[in-house]
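Here the structure is laid out as structure tokens; the discussion comes afterwards.
The values are calculated or read from the model by the stated rules, or taken from the named source; none is laboratory data. Note that the structure is a prediction, hence the values are computed from the model and not measured. Cβ placement follows ideal geometry from the backbone for every residue including glycine, while neighbour counts extend to all protein chains displayed. Note: areas computed on protein heavy atoms with side chains; ligands, DNA, RNA excluded. Shrake-Rupley method; radii C 1.70, N 1.55, O 1.52, S 1.80 Å.
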Amino acid sequence: MKRGIGMWQQPREILGRLKIEPITVLGIWLLLAIVFGFISSSFWTVGNFLAIGQAGAALAIVSLGQCFVIVAGQFDLSVGGAVSLGGVVFVLFSNAGLPTWVAAVAAVIAVGGGLGLVNGLAAEIIGINPLIATLATLSIVEALSNILSNGLAVAAKHNSVSSLSQPTLGVIPGYAWLLIVVLLVGFVFLSRTVPGRSLYVVGANRAAATLAGLRTRALVMGAFVVCAMAAVVGGIIQASLLGAGDPSAGGSSVTLLAITAVVLGGGSLSGGRGGLGGTLAGVLLLATVADGLEITFVPSFYDGLVTGGVLLLAVGASVIRQKYRNRR
């Protein structure tokens with residue numbers, strides 16, 4: 001039994017020591033952008049970059065929330081389901097007559113706050129392994145999404161639901177402003193506040209954080225709540241872009257992409273490391289890969305193959321850079 005646990009722990013410990021630098025990610029992005037631009041002349045156009053931003057906006061906010069949990073040394077596999085349920089509940093609230101922004105805030109609090117609290121209680125108070133706890137809640141919220149929507153996309157009755165996809169204050173769409181606000185607030189919290197900096201301490205060495213008097217359980221539970229709320233905001237953006245709440249908008253693929261973006265941005269799977277700027281760079285890389293494959297007419301089932309290859313390339317490049325620095 002002990003041997004089995006060790007076999008599972010070793011890969012996580014090895015991955016946790018690997019640090020991918022954002023400069024590596026941006027270098028790979030530039031290389032891919034050059035390749036895609038050479039294959040398709042439409043890649044280096046304003047319209048295409050706006051399409052990349054639109055495709056990556058929801059994933060960006062979901063990934064920023066996932067960064068909080070990973071910094072604290074945990075995982076949240078339920079974010080894909082939260083995206084689906086958040087979008088469906090948002091549209092249902094709006095169709096029931098609530099003003100759009102009230103419906104959005106209500107969805108974030110009801111779905112995001114509730115899910116995050118359940119995940120935090122299960123992992124921190126009851127003591128269930130976070131991977132198992134959030135995998136269970138992923139199944140639950142995905143089922144709730146289909147139950148509430150009868151398995152079909154719920155069309156919005158009011159045009160105001162699509163307000164986030166419309167340009168505001170110039171040509172910049174509302175979801176972009178929302179992403180900027182979330183990024184700035186998250187950055188200030190993680191880097192300028194005591195609870196934010198404490199999350200890094202908890203993730204790096206939980207035992208030492210406890211001995212130092214930090215309220216580790218409360219901090220980690222807070223990270224789960226932030227993560228779930230961010231996922232619901234991502235679902236609201238998706239619903240705004242689609243004009244409907246789609247129960248299939250999220251799923252495990254979104255969860256995998258969010259974790260991949262955090263790791264690409266320098267996050268450590270063992271906790272204590274990661275940043276929102278690097279995570280955003282990771283999202284940019286993933287969104288560019290998906291867009292490049294689409295405009296070069298590569299079948300969509302190759303996306304996972306290329307995404308996995310990019311992750312291996314980024315990890316490998318960072319390991320080589322670190323070895324080179326150590327030798328100098």
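Quick notes on this structure:
- Between residue 136 and residue 210, the modelled label-to-label distance comes to 2.1 nm, taking each label 7 Å out from Cα in the direction of the beta carbon.
- Counting only protein heavy atoms and using a 1.4 Å probe, the accessible area of residue 194 comes to about 100 Å².
- Relative contact order computed over the chain (Cα-Cα under 8 Å; 6+ residues apart), in percent: 37 percent
- Our helix-only sum for the chain, with -39,500 (n - 2.57) per DSSP H run of n ≥ 4 divided by its residues, gives a mean residue ellipticity at 222 nm of -23500 deg cm²/dmol.
- For the stretch 201-328, the orientation-averaged shadow of the C-alpha convex hull comes to 10.8 nm² (one quarter of the hull surface).
- On a per residue basis, the chain carries 49 Å² of accessible surface, using protein heavy atoms and a 1.4 Å probe.
- Sites residue 295 and residue 155 - FRET efficiency at Förster radius 25 Å, r taken between beta-carbons, to 0.05: 0.30
- Carbon/sulfur fraction of accessible area - the stretch 25-97, other protein chains in place, 1.4 Å, %: 76 percent
- Accessible-area order (highest first, 1.4 angstrom probe) of the listed residues 294, 142, 124: 294, 142, 124
- For the options 54, 166, 66, a Gaussian network treatment of the chain with springs between C-alpha atoms closer than 10 Å singles out 166 as fluctuating the most.
- Phi-derived couplings, Karplus 6.51 cos²θ - 1.76 cosθ + 1.60 at θ = phi - 60°, listed residue by residue for the stretch 249-259: 6, x, x, 5, 5, 5, 4, 4, 5, 5, 5 Hz, with x used for Gly and Pro.
- Accessible-area composition of the stretch 211-279, carbon plus sulfur, in percent [1.4 Å probe]: 61 percent
- Residue-wise HN-Hα coupling along the stretch 65-80, computed from phi with Karplus coefficients 6.51, -1.76, 1.60 (Hz; x: Gly, Pro): x, 4, 4, 4, 5, 5, 4, 7, x, 10, 10, 10, 8, 8, 5, x
- A simple rule links phi to the HN-Hα coupling: the Karplus curve 6.51 cos²θ - 1.76 cosθ + 1.60 with θ = phi - 60°, which for the stretch 101-110 gives 6, 5, 4, 5, 5, 4, 5, 4, 6, 5 Hz, with x for Gly and Pro.
- In the stretch 151-248, the trypsin sites (Lys or Arg not before Pro) that fall in loop regions by DSSP, at most 16 other Cβ within 10 Å: 157, 215
- P(r) tail fraction, the chain - alpha-carbon pairs more than 38 Å apart, %: 13 percent
- Loop-exposed chymotrypsin sites (Phe, Trp or Tyr not before Pro) per DSSP, neighbour cap 13 Cβ within 10 angstrom, longest uninterrupted part of the chain: 45-296
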